[in-house]
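The values are calculated or read from the model by the stated rules, or taken from the named source; none is laboratory data. Predicted model, so just to flag it, every value in this text is computed and none were measured. Cβ sites come from the backbone with ideal geometry, for glycine too, and all protein chains shown count toward neighbours. For the accessible areas, the whole protein counts, side chains as well, though only heavy atoms, and no ligand, DNA or RNA atoms are used. Shrake-Rupley method; radii C 1.70, N 1.55, O 1.52, S 1.80 Å.
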Amino acid sequence: EQTTFLASGRRGYPNIVFRQYGSDVRASDLNSSEVTAKVTHHLSGNQRLSLAGFYGWDTYENRVEGMGGIQLANSIRWGNTAANVRWVGVAPPSLFFYASAIYTRYGFDAEHRFSGIGDGASEEFVSDYRIEDLAVRAHAEYFYDEYHTVLAGFELVRHRMAGKISEFSSQVSPMAFEGVAPWELAVYFQDQWRLVPSVLAELGARATSFIARQGSFSAVDPRFSLLVSPQDDLRLFSSFSAVNQFVHPYRHSGIFLFYPSIFLYPSDENVRPSTSLQVSLGMEKSFRENRYRLAIETFYRTTQNLHEFVYDSTGATTLSDALMLGDGNVYAIEVTMDKRQGDISGSARYSYSWSSNRFGGLN
């Protein structure tokens with residue numbers, strides 16, 4: 001009566017759909033599998049304890065034959081593992097909380113083998129990557145009174161990253177990093193404040209420290225939003241936020257454009273964190289007893305220390321050797337018209353956005 005469990009598994013065989021055309025052509029092999037399980041136990045009162053796990057792994061292989069008998073064999077494998085112990089509770093009448101201990105792992109391996117080169121020689125290019133996170137998180141929401149709702153929490157994460165990229169995979173030179181294990185500590189606080197019945201504001205901040213042997217950083221990211229409802233059918237809203245990013249996705253050409261592989265790398269003394277500021281404004285207006293709605297929203301974002309990698313870094317042996325920093329700006333506007341009721345309902349939307357990045361070494 002107090003314990004529930006869920007278990008599910010999935011195995012995909014998409015290679016059966018893609019039949020082999022011709023006896024001399026080897027079909028590509030793509031396999032996908034995953035397992036999910038969760039156990040939840042209801043403790044005394046309004047408290048629950050749960051344990052959840054996930055494991056998923058995918059593989060892709062194919063072989064291409066070119067001129068002169070040269071063959072290229074590709075093998076890509078990637079997967080995720082996760083486990084989460086979570087304690088959730090409500091302390092009547094005004095406190096909601098949860099605490100979690102989390103383990104996650106993501107990794108991939110990519111192998112590209114050329115055979116039939118010259119006197120039957122072969123050449124192999126290997127890329128691999130893994131990131132493991134151990135995290136402890138706690139979050140609480142306290143309904144102080146009808147005017148204030150307070151949110152607060154902290155997060156402590158231990159990252160472990162390692163990997164290498166071959167010149168075949170990156171279209172640059174081979175790059176690698178090992179022994180990277182930074183700590184990331186974040187504390188946040190937010191107050192949802194109803195100034196008057198028609199005005200709701202949220203004020204908060206997130207303080208983060210990123211500590212590693214290769215370099216340490218600290219930042220405070222403020223948050224602010226405002227919602228004004230001068231009429232029942234009219235809402236005006238705006239927000240401001242700042243974000244400092246200490247772990248970055250590798251963006252470049254090569255296999256990373258074609259395969260579902262992600263390569264994350266940390267900030268260090270030579271790889272500066274990225275910082276962005278974003279401001280948004282919007283309004284919603286309802287018509288004819290809420291049957292129609294018009295919404296307009298716009299935002300502007302500026303980013304410093306954008307990361308890019310140069311194409312001609314033949315001497316690069318690490319990510320920082322090939323890294324180039326720049327700045328970026330983005331703005332956008334979106335207009336939406338909804339018909340919510342009646343025999344026919346639907347929406348029409350128009351969006352326009354513009355983005356510009358500038359790197360001193362490129363443009």
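Numbers below:
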item	result
Every residue from segment 36-45 that is surrounded by fewer than 15 Cβ atoms within 10 Å (Cβ to Cβ) and modelled with pLDDT of 90 or more	V39, H41, H42, L43
Matching residues in segment 346-363 - criterion: being loosely packed, with under 12 Cβ neighbours inside 10 Å and modelled with pLDDT of 90 or more	G346, S347, A348, R349, Y350, S351, Y352, S353, W354, S355, S356, R358
Any hit, segment 218-235, residues being in contact (Cβ under 8 Å) with a residue 12 or more places away in the chain, within 30 Å of I165 (Cα to Cα) and in contact with a Phe, Trp or Tyr (Cβ under 9 Å, 6 or more places away or on another chain)	no
Residue match in segment 17-27 (condition: at pLDDT 90 or above, on the phi < 0 side of the Ramachandran plot and either touching a strand residue (DSSP E or B) at 6+ places or on another chain (Cβ under 6 Å) or aliphatic (A, V, I, L, M) (or both))	no
Single residue of S209, S198 found to be over 30 Å from Y147 (Cβ atoms) and among the hydroxyl-bearing types (S, T, Y)	S209
Residues of segment 114-141 classified as surrounded by fewer than 16 Cβ atoms within 10 Å (Cβ to Cβ) and not small (G, A, S), total	7
Number of positions in segment 263-281 that are open to solvent by less than 10 Å² (accessible area, probe 1.4 Å) and either under 26 Å from L226 (Cβ atoms) or not in a loop (DSSP other than H, G, I, E, B) (or both)	1
Considering residues of segment 50-95 that are under 30 Å from E146 (Cα atoms) and modelled with pLDDT of 95 or more only, the residue surrounded by the fewest Cβ atoms within 10 Å (Cβ to Cβ)	W87
Sole residue being open to solvent by 80 Å² or more (accessible area, probe 1.4 Å), farther than 26 Å from L277 by Cβ and either in contact (Cβ under 8 Å) with a residue 12 or more places away in the chain or within 23 Å of the chain's Cα centre (by Cα) (or both), chosen from D338, D343, D321	D321
Pair list, Cβ under 8 Å, 6 or more apart: segment 29-49 residue on the phi > 0 side of the Ramachandran plot, other residue among the aliphatic types (A, V, I, L, M) and open to solvent by 70 Å² or more (accessible area, probe 1.4 Å)	none
Which listed residue is among the aliphatic types (A, V, I, L, M), under 27 Å from the mean Cα position of the chain (by Cα) and more than 30 Å from P197 (Cα to Cα), from V88, V150, V64	V88
In segment 330-363, the residues that are more than 30 Å from E308 (Cβ to Cβ) and either part of a strand (DSSP E or B) or out of contact with any Lys or Arg (no Cβ under 8 Å at 6 or more places or on another chain) (or both)	V335, T336, M337, D338, K339, D343, I344, G346, S347, A348, R349, Y350
